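Only one structure is covered here, and it is reproduced in the block below.
Values quoted throughout were computed directly from the atomic coordinates according to the rules given, and no laboratory measurement underlies them. This is a predicted model, so every value here is computed, not measured. Methodologically, a virtual Cβ is constructed for each residue, glycine included, from the backbone with ideal geometry; neighbour enumeration extends over all protein chains shown.
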Amino acid sequence: MKPLEDILIIDLSQFLSAPSATLRLADLGARVIKVERPETGDICRQLYVSNVILNGESSVFRAINRNKESFQADLKNDVDKQRVLKLIEKADVLIHNFRPGVIERLGFDYDTITKINPSIVYGNISGYGNEGPWKSKPGQDLLVQSLSGLTWLSGNAGNGPVPMGLAIVDILSGSHLAQGILAALVKRAKTGEGSKVSVSMLESILDFQFETITTYYHDGGQPTKRTASNNAHAYLGAPYGVYETSNGYLALAMGAIPVLGDLLGCETLKNYPEVASWFTQRDEIKEILATHLKTDTTEKWLSVLEPADIWCASVMDWDTLFDHDGFKVLDMIQTVTMGDGFEYETTRCPIKIDGELLKSTLGSPSLGEHTDAIVKELITD
């Protein structure tokens, strides 16, 4: 038995942030009914990150909405609205990610919902919270990354801001929402009381930067300075970074520079014995390292560094990673099947419970696929 079995979640959300939260909760055993508008459904059905189409729709939608049911309803239509409210009456959790003000106009705001279901756990994600000058701005991943300061931490100095190449803000805020909902369900089990759980994308990505923001506030507010080359962290000293070798790339984490000089046969590195210099002179140290590491292969350097317990790794692409036993042993890819029999491969839930993997064979739903069955089961008196 999965831990959230018998928990019913009504999901009014779309795009990536809140749907990533309901995906995780579904993997943990909850029943997720995804409410979608007629004809178009979740906008994410047509949100393409590439030209890859899975069974007629976006691969992003297929990945993030597996293991859910689809209920078709127009929230502006009174008949459909009443159907959805009946579902919410029986639900344990309601989730949405509408902009502030929209949910009130639709009549699904917290105060209204708690009158029909006082013990419900009500979760929502916004872009920037419900107050302040940004509250009505679109909560889109790249935009929030750009406002948050995150883009000045990656890439080399002088290259301008560099965003992360994934929807990191969406996924983090979804993870935070799932955490809050789980905490609220524990509270309800103890007290019988519901809760409102609110997350904003901006707060989530600010929390993600807790190390560097804390440093900023305690070093006199010095500006963020990335290294001129091989940057992997705007604050850490040399050798932290990714370096080119004669046949690939090598990642180096923390390590004593003179020790690296001995191991790598690079005498110049022994001129930096003081820890402070690894920060104040990190650009020149990295330049020396970068030039030296190009003289031999990634495999050669790993054979020297790993036995000496230096933290390092080969920099792999997906082809190399997926062919490696270190990946295969994780059993990270699962095959899921849609209602029409279409199969596709995607990642599984990364959590284990009592040593068991949390897998599900259910793919993403077609638009409105479960509407009739849900009406008969949960709505029709």
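From the helices alone, meaning DSSP H stretches of at least four residues, give me the mean residue ellipticity at 222 nm for the chain, per-run term -39500 (n - 2.57), in deg cm²/dmol to the nearest 500.
On the way: 16 runs with 135 residues, N = 381.
Computed ellipticity for the chain at 222 nm equals -9500 deg cm²/dmol.
By other beta-carbon atoms within 10 Å, ranking H96, H324 with the fewest at the front produces H324, H96. Simple rule: put +1 on each Lys or Arg Cβ and -1 on each Asp or Glu Cβ in the range 4-113, find the dipole, and look at T40, I113, L8; the Cα lying farthest toward the positive end is T40.
Sorting S173, S198 by the number of Cβ atoms found within 10 Å of their own Cβ, with the fewest placed first, yields S198, S173. Annotation: amide H of A228 within the under-5 Å range of A157, sequence separation 5 or more or interchain, hydrogens built in the peptide plane.
Using 1/(1 + (r/R0)^6) with R0 = 22 angstrom and r between the beta carbons of D296 and V275, what's the FRET efficiency to the nearest 0.05? It would help to have the intermediate numbers written out before the result.
Working: r = 27 Å, r/R0 = 1.23.
Efficiency at R0 = 22 Å is approximately 0.25.
Can you classify the range 67-145 as rounded, prolate or oblate using the Cα gyration tensor, where a ≥ b ≥ c are the square roots of its eigenvalues, rounded means a/c under 1.5, and otherwise it's prolate if a/b beats b/c and oblate if not? Judged from the Cα gyration tensor, the range 67-145 comes out prolate (a/c at least 1.5, a/b above b/c).
Please go through the range 310-339 and write out the chymotrypsin sites (Phe, Trp or Tyr not before Pro) that DSSP classes as loop and that have at most 16 other C-beta atoms within 10 Å. Walk me through the numbers before you get to the answer.
Details: sites: W311, W318, F322, F327; in loops: W311.
Loop-located and lightly packed - W311.
Think of each Lys and Arg Cβ as +1 and each Asp and Glu Cβ as -1; about the Cα centre, that makes the dipole of the range 1-155 roughly 120 debye.
Where nothing but the Cβ of Lys and Arg (+1) and of Asp and Glu (-1) is charged, how large is the charge dipole of the range 278-381 around its Cα centre, in debye to the nearest 20? Kindly include the intermediate steps, with their values, before the conclusion.
Numbers: 9 positive and 21 negative charges, 64 e Å.
The dipole of the range 278-381 has a size of about 300 debye.
Applying the Karplus relation 6.51 cos²θ - 1.76 cosθ + 1.60 with θ = phi - 60° to the range 327-341 yields 3J(HN,Hα) values of 7, 4, 5, 6, 6, 7, 9, 10, 9, 10, 10, 7, x, 8, x Hz, where x marks Gly and Pro.
Ordered by the number of other Cβ atoms lying within 10 Å of each residue's own Cβ, fewest first, D207, D170, D354 fall into the sequence D354, D207, D170. The charge dipole of the chain, taken about its Cα centre with unit charges on the Cβ atoms of Lys, Arg (+1), Asp and Glu (-1) only, comes to about 960 debye. Note that the range 182-194 has calculated 3J(HN,Hα) couplings of 4, 4, 5, 5, 5, 4, 5, 5, 8, 10, x, 9, x Hz, one per residue in order, obtained from phi through the Karplus relation 6.51 cos²θ - 1.76 cosθ + 1.60 (θ = phi - 60°); glycine and proline are x. Placing a label point 7 Å from the Cα of E131 along the Cα-to-Cβ direction, the residues of the range 184-220 whose backbone N falls under 18 Å of that point are 196-204. Given the chain reduced to its alpha-carbon atoms as identical point scatterers, what log10 I(q)/I(0) does the Debye formula return at q = 0.06, 0.09, 0.11 Å⁻¹? Result of the Debye calculation: -0.31, -0.66, -0.90.
If you plug the beta carbon distance of T337 and K190 into 1/(1 + (r/R0)^6) with R0 = 45 Å, you get a FRET efficiency near 0.75.
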